[in-house]
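The values are calculated or read from the model by the stated rules, or taken from the named source; none is laboratory data. Worth saying up front: this structure is predicted, and the values here are computed from it rather than measured. We place every Cβ from the backbone using ideal geometry, glycine too, and count neighbours over all the protein chains shown.
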Ligand SMILES: [Zn+2]
């Protein structure tokens with residue numbers, strides 16, 4: 001079996017892991033390593049029932065994201081995006097979201113209603129994706145990860161302190177399942 005590498009479900013790093021705070025690096029060449037990374041990220045995301053995942057969440061500081069919002073918005077399919085970059089944004093709203101790296105926490109975050117993102121597909125094609133609603137939120141959330149930002153960084157100082165204190169006390173589930181939504 002040596003050398004016969006299979007896809008793997010990897011551990012998702014949790015706040016306050018320092019890798020989550022780092023800005024991820026641009027991908028230079030889309031080689032086999034990046035493709036394997038995308039496979040692993042995809043497996044890991046589905047295993048955790050997430051709708052998106054950034055490479056840094058599994059400890060790899062490269063600008064790669066995977067998104068599948070189809071459980072919430074069935075008109076969109078799975079995709080992976082390399083070096084994604086927001087090129088335009090429109091509208092503002094509060095969206096309640098969670099994060100696989102910030103367990104048992106859901107809070108309203110300021111997001112744009114629509115974004116246009118450019119990047120590269122795993123095949124190396126330059127692509128542009130326009131997202132509205134759930135897809136727009138997921139794109140912004142995952143691109144935030146690539147810039148070292150968590151939903152906690154988008155909250156008021158007070159709400160962030162409340163979460164930190166809760167972690168310290170070891171009580172991580174203040175809003176137990178009451179408003180469970182997507183985590184990404
Ligand atoms: Zn997240």
message: Out of everything in region 143-158 that is outside any helix (DSSP H, G or I) and more than 11 Å from the ligand (Cβ to nearest atom), what residue ends up being surrounded by the fewest Cβ atoms within 10 Å (Cβ to Cβ)?
response: 156
- prompt: Can you tell me which residues in region 69-102 are farther than 13 Å from residue 137 by Cβ, in contact (Cβ under 8 Å) with a residue 24 or more places away in the chain and not in a strand (DSSP E or B)?
  reply: 71, 78, 100, 101
query: Taking region 101-110 only, how many residues are buried (at least 22 other Cβ atoms within 10 Å of the Cβ) and either closer than 15 Å to residue 67 by Cα or more than 13 Å from the ligand (Cβ to nearest atom) (or both)?
result: 0
- request: From (1) exposed (fewer than 14 other Cβ atoms within 10 Å of the Cβ); (2) at pLDDT 95 or above; (3) under 18 Å from residue 72 (Cα atoms), pick out the condition that doesn't hold for residue 140.
  value: (1)
- prompt: Does region 117-136 contain at least one residue that is in contact (Cβ under 8 Å) with a residue 60 or more places away in the chain, out of contact with any helix residue (DSSP H, G or I) (no Cβ under 6 Å at 6 or more places or on another chain) and in a helix (DSSP H, G or I)?
  reply: yes
- prompt: Within region 31-59, how many residues turn out to be outside any helix (DSSP H, G or I) and touching a strand residue (DSSP E or B) at 6+ places or on another chain (Cβ under 9 Å)?
  reply: 7
